[in-house]
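Worksheet: the structure to be examined is printed underneath.
The values are calculated or read from the model by the stated rules, or taken from the named source; none is laboratory data. The structure presented is a predicted model; accordingly, all values stated were derived computationally and were not measured. Quick reminder, even Gly has a Cβ in these numbers, built from the backbone with ideal geometry, and neighbours come from all protein chains shown.
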Amino acid sequence: MKREEFLRLPFFKERGFTLKKCRVCGSEFWTLDPEREVCGDQPCVDYEFIGRPLGGAAVSPREVRERFLSFFEERGHTRVRRYPVVARWRDDVYLVGASIYDFQPWVTEGLVKPPANPLVISQPSIRLTDLDNVGRTGRHMTGFEMMAHHAFNIGGRSVYWANETVEYAFGVLTEAFGIPPEEITFKFDWWSGGGNAGEDYEVLVRGLEVATLVFMHYKVVGDELMEMGNKIVDTGYGLERLLWLLKGSPTIYDAVFPQVLDTLRREAGLERLDPEMLEAVARKSGKLDFKKPALSARVLAEISRRFGMSREELEEMLAPYQSLYALADHSRTIIWMIGDGVVPSNVGAGYLARLLIRRALRHMARAGLEMPLTEVISLQLRIWRDDFPEYAELEGEILDIVSYEERRYRDAMKHGKKVVRKLLRELVKRGLKEVPPEKLSELYESHGVAPELVAEEAARVGVKVVVPPDFYSSLASKHEAAPPKPAPVEEEARKLAEGVPPTRKLYYEDPRKLEFKARVLRASGRMVILDRTAFYPEGGGQPYDTGILEWRGGRCRVMRVVKVGDVILHECEGQVPPEGSEVKGVVNAERRFALMKNHTATHIILGAARRVLGRHVWQAGAQKGVEQSRLDITHHKRISPEEVRAIEELANRVVMEDRPVRAFFEDRTVAESKYGFILYQGGVVPEAKLRIVEVEGWDVEACGGLHCSRTGEVGLIKVVKVERIQDGVSRLVFKVGKAALEHVWRLEDAVSGLASLLNVEEDKVVEGVKQLVDEFKAVRRSLERARRELLELKAAQLAAKAEQVADIKLISEVVEEGEERDVRDLALAVARQLRRAIVGLVSRSGVYAIKVSDELVREGLDARKLNRLVLARVEGRGGGVADLVMGRVGNPSSFGEALREAVRGIVEDEA
Ligand SMILES: [Zn+2]
Ligand SMILES: [Zn+2]
């Protein structure tokens, strides 16, 4: 189909629509209203639905969702359950931003069948790109439900295309929502995103865009558009927007969160705004965009004049209400994120969750709300209980995570204030009058300090802060896409594998078969490719197998095994077998079985951790080893020793129950709907068919690794170390089987060794050590006392040797003490016993100290001056303060005479 055909769909003609050109923006649109001259989109018109409800004030989100879903269900669409807001099946983004994300790339590329076709869904979606506008424009949200009907015309199957799509949209709006047909306009436009493009219609009612109908049929390659074989109907109807339209409320937040806002207003002690003014702002709010401050300022200035106030006054009046709006929005999105398994942290989706929580807390402070954020969250959970029972079920965990974040935020603020004040002092000192903008994101990223806090502190000392209007949006977009992962295999291996048929994977057919015969397909340098192999290649956190290859007339050791696509390469040591020859492969059994046990144990421990710590726990990484393995899990708090024991106990119980472990292949869509997205613990699996590993009744994961056939084979599981490797991620290091036993033995040896040293029974070791430590402390105390007594004694001896120079007592002696600390302490002790004294001590190694009595210092005698005079006579270095200098001289025996002369010099100067 060409552009013209999309524009002139038969539906419009049949229903009597007219094609017009917008008087304001010039875009083409279809309408049933002969009088209409503008397209109905922003900014061509005002929000004409404000205060003019189309559906009665009592309509609820659930009703909108239900009416939409059942309309399409009755018309041959299958209702599909929502996907999580965390895009576990994709490695390019963290969060689901639209319903089509659910089907990218697997379904849209035609690699996997869609769960139903056509289908209808209401998909919670998160977009943080307009974070700075949320609460302020009346229409932007971080979280919204995108209702959609999708049809996938893929693989020769033709479901429906543009004409039917437009007809459905018209049908659902008029029939299910009672919108008058002449109020609906279809604006023709062009859409592109995520590497795809196509024509689209924006569906507008009374100035509000309620739906977008995209016909995806191009692939964007550079500047070129390439027609795809696949034609995908990608629609999106904003549930909240429809609700807003039906209720005619001043803002989308008033329509979606009426109860929450009532409570928040009461708590903040805010009156309701003057309805006339509220409506005046609301009707123009479609034109607001605070990422373009000049534009928004113009719109607001116009409104404020009508009410006889300045723009600043109007903005100040609206500010606390806007904060409550933002809070109502953010708190629901926070529930979606944490409820779907995001633990706040400094990376990935965790970063975005933390950003949102901190924004919510800032807004609470700005609106003067004293209640904790958890109370707002709790209220939201209650209100949405019937819409999202799955979140209500997780209430305890969600509140725990939020309250932990809240505490952390308060701590960060305390520290942050100090950092900001220090920065401001420096700026003032350097005579600067403005905080550099790049400092603001640095302060947020490394200290969690919000730019508003910087502005508050700066205002006190008269320093200016200009917060970029898109500060938060740009932080969010910097963290929205997942970083690309580097290719793990070297170029040489890639080249060798080119054009080679897939290797038959004997390790999947029977993980216990470790000897096999195969033919050499390619061999070059150290690399060998066989037609089949029992050697497991590196992958999925499981290390490769090692072993040997034997052939007539030779043998070599397999040092490493890697995978390129479906081809497996053996890196060998020694001479490699010739191409075309037959080889016998033998996998190192001990290593393989140890890895299998460790891998199965990883799945068992993950299942135990989710049961002990909560369902928010996800695998953040894992590395299996022969001696020990590690499992990194997301968890907001430090894992307590009791929790570690509980995990160990559960894990070992599962081992003793000897549950079966099954591995099998399953169609991606089938597996996802059967087990849920919890499958993707090990990350995204780039295959249309998933290999599922199931520990019966305990854990199911998409996993390419090799496992024991029953949990009993794993043997003892012992967690040997727990550490927090980053914010929100903890690492469990564990050993299994014989390695675990050996670990216990080592501890046992240590205890019995201690027992025999202490000469006590093994169960009395702790008491014994405690006693020993107490004794040791007592001995150290008396040793310290003895040292001090000895010091005083020596000091007294030295004091007795004082010479008189004029009215000054001079002590100048060589001492045994060698350490700086000892020489200094001794000099101080001598000085304490005398008045008007100069004490100069030097060790045999040349360390010296000169202490001048306080009386003399007060009279102007400076130890530093004395020091200079001494160092003029004897080679060395030293320095200090007015009453004490320390240093080192090359010739200790001449120090005494040098000091004596220096003192005499000073005394004579004064006389
Ligand atoms: Zn227009
Ligand atoms: Zn696994």
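Can ILE639 be described as among the hydrophobic types (A, V, I, L, M, F, W, C) and more than 22 Å from GLY676 (Cα to Cα)? Yes; evaluated as a whole, the condition is true for this residue. In the stretch 613-638, of all residues being aliphatic (A, V, I, L, M) and either within 16 Å of ligand 1 (Cβ to nearest atom) or over 26 Å from LYS738 (Cα atoms) (or both), the one that is farthest from the chain's Cα centre (by Cα) corresponds to LEU613. Residue count for the stretch 148-174 satisfying the condition of being under 16 Å from LEU204 (Cα atoms), in contact with a helix residue (DSSP H, G or I) (Cβ under 8 Å, 6 or more places away or on another chain) and not small (Gly, Ala, Ser): 6.
Would it be correct to say that SER446 is surrounded by 12 or more Cβ atoms within 10 Å (Cβ to Cβ), polar (S, T, N, Q) and closer than 22 Å to ALA365 by Cβ? Give the derivation first.
Values: surrounded by 12 or more Cβ atoms within 10 Å (Cβ to Cβ): no; polar (S, T, N, Q): yes; closer than 22 Å to ALA365 by Cβ: yes.
No, not satisfied.
Where strands (runs of 3 or more DSSP E) sit wholly within the stretch 541-589, those with at least 3 residues that are among the β-branched types (Val, Ile, Thr), more than 16 Å from ligand 1 (Cβ to nearest atom) and more than 34 Å from the chain's Cα centre (by Cα) occupy 582-587.
Scan the stretch 172-221 for residues that are among the hydrophobic types (A, V, I, L, M, F, W, C), outside any strand (DSSP E or B) and either under 19 Å from GLU35 (Cβ atoms) or within 16 Å of ligand 1 (Cβ to nearest atom) (or both) and report the count. Before the answer, list the steps.
Of all residues in the stretch 172-221, those among the hydrophobic types (A, V, I, L, M, F, W, C) come to 172-173, 176-177, 179, 184, 186, 188, 190-191, 197, 203-205, 208, 210-211, 213-216, 220-221.
With the extra rule that they be outside any strand (DSSP E or B), the set shrinks to 172-173, 176-177, 179.
Okay, now just the ones that are also either under 19 Å from GLU35 (Cβ atoms) or within 16 Å of ligand 1 (Cβ to nearest atom) (or both), so 179.
Residues meeting the conditions: 1.
Collect the residues in the stretch 526-540 that are without any contact (Cβ under 8 Å) to a residue 40 or more places away in the chain and either in a strand (DSSP E or B) or touching a Pro at 6+ places or on another chain (Cβ under 6 Å) (or both), keeping them in residue-number order.
As a first pass, look at the stretch 526-540 and keep what is without any contact (Cβ under 8 Å) to a residue 40 or more places away in the chain: 531-532, 537.
Within the stretch 526-540, just ARG532 meets the criteria.
Of the residues making up the stretch 857-875, those that are surrounded by fewer than 15 Cβ atoms within 10 Å (Cβ to Cβ) and among the hydrophobic types (A, V, I, L, M, F, W, C) number 1.
Quick check on the stretch 545-556. Is at least one of its residues surrounded by fewer than 22 Cβ atoms within 10 Å (Cβ to Cβ) and among the hydroxyl-bearing types (Ser, Thr, Tyr)? For the stretch 545-556, residues surrounded by fewer than 22 Cβ atoms within 10 Å (Cβ to Cβ) and among the hydroxyl-bearing types (Ser, Thr, Tyr): present. Of the residues in the stretch 134-153, not one is crowded, with 18+ Cβ neighbours inside 10 Å, among the hydrophobic types (A, V, I, L, M, F, W, C) and in a helix (DSSP H, G or I).
Which one of these is touching a residue at least 12 places away in the same chain (Cβ under 8 Å), crowded, with 19+ Cβ neighbours inside 10 Å, within 12 Å of LEU569 (Cβ to Cβ) and in contact with a Leu (Cβ under 8 Å, 6 or more places away or on another chain): ALA523, ALA493? Break it down into steps so the answer makes sense when it comes.
Working: ALA523 fails: in contact with a Leu (Cβ under 8 Å, 6 or more places away or on another chain).
Selected residue: ALA493, the only one of ALA523, ALA493 that is touching a residue at least 12 places away in the same chain (Cβ under 8 Å), crowded, with 19+ Cβ neighbours inside 10 Å, within 12 Å of LEU569 (Cβ to Cβ) and in contact with a Leu (Cβ under 8 Å, 6 or more places away or on another chain).
Filtering the stretch 655-669 to residues that are at pLDDT 90 or above, among the β-branched types (Val, Ile, Thr) and more than 16 Å from ligand 2 (Cβ to nearest atom) leaves only VAL655.
For the stretch 594-629, a tally of residues being away from ligand 2 (no atom under 13 Å from the Cβ), in contact with a strand residue (DSSP E or B) (Cβ under 9 Å, 6 or more places away or on another chain) and of a type in the set (Lys, Arg) returns 1.
Tallying residues that are of a type in the set (A, V, I, L, M, F, W, C), within 16 Å of ligand 2 (Cβ to nearest atom) and modelled with pLDDT of 80 or more within the stretch 678-689 yields 2. If you go through the stretch 603-616 one residue at a time, do you hit one that is under 30 Å from VAL86 (Cβ atoms), out of contact with any helix residue (DSSP H, G or I) (no Cβ under 7 Å at 6 or more places or on another chain) and buried (at least 24 other Cβ atoms within 10 Å of the Cβ)? Yes, the stretch 603-616 has at least one match. Please tell me if ARG88 is within 16 Å of ligand 2 (Cβ to nearest atom) and under 42 Å from the mean Cα position of the chain (by Cα). It is true that ARG88 is within 16 Å of ligand 2 (Cβ to nearest atom) and under 42 Å from the mean Cα position of the chain (by Cα).
Being part of a helix (DSSP H, G or I) and over 21 Å from the mean Cα position of the chain (by Cα) is a property that LEU278 has. Set side by side, the residues ILE678, ILE633 differ, and just one is of a type in the set (A, V, I, L, M), within 30 Å of ASP102 (Cβ to Cβ), surrounded by 16 or more Cβ atoms within 10 Å (Cβ to Cβ) and without any contact (Cβ under 8 Å) to a residue 24 or more places away in the chain, which is ILE678.
With a requirement of 3 or more residues that are more than 16 Å from ligand 1 (Cβ to nearest atom) and under 41 Å from the mean Cα position of the chain (by Cα), the helices (runs of 4 or more DSSP H) lying completely within the stretch 1-80 that satisfy it span 61-73.
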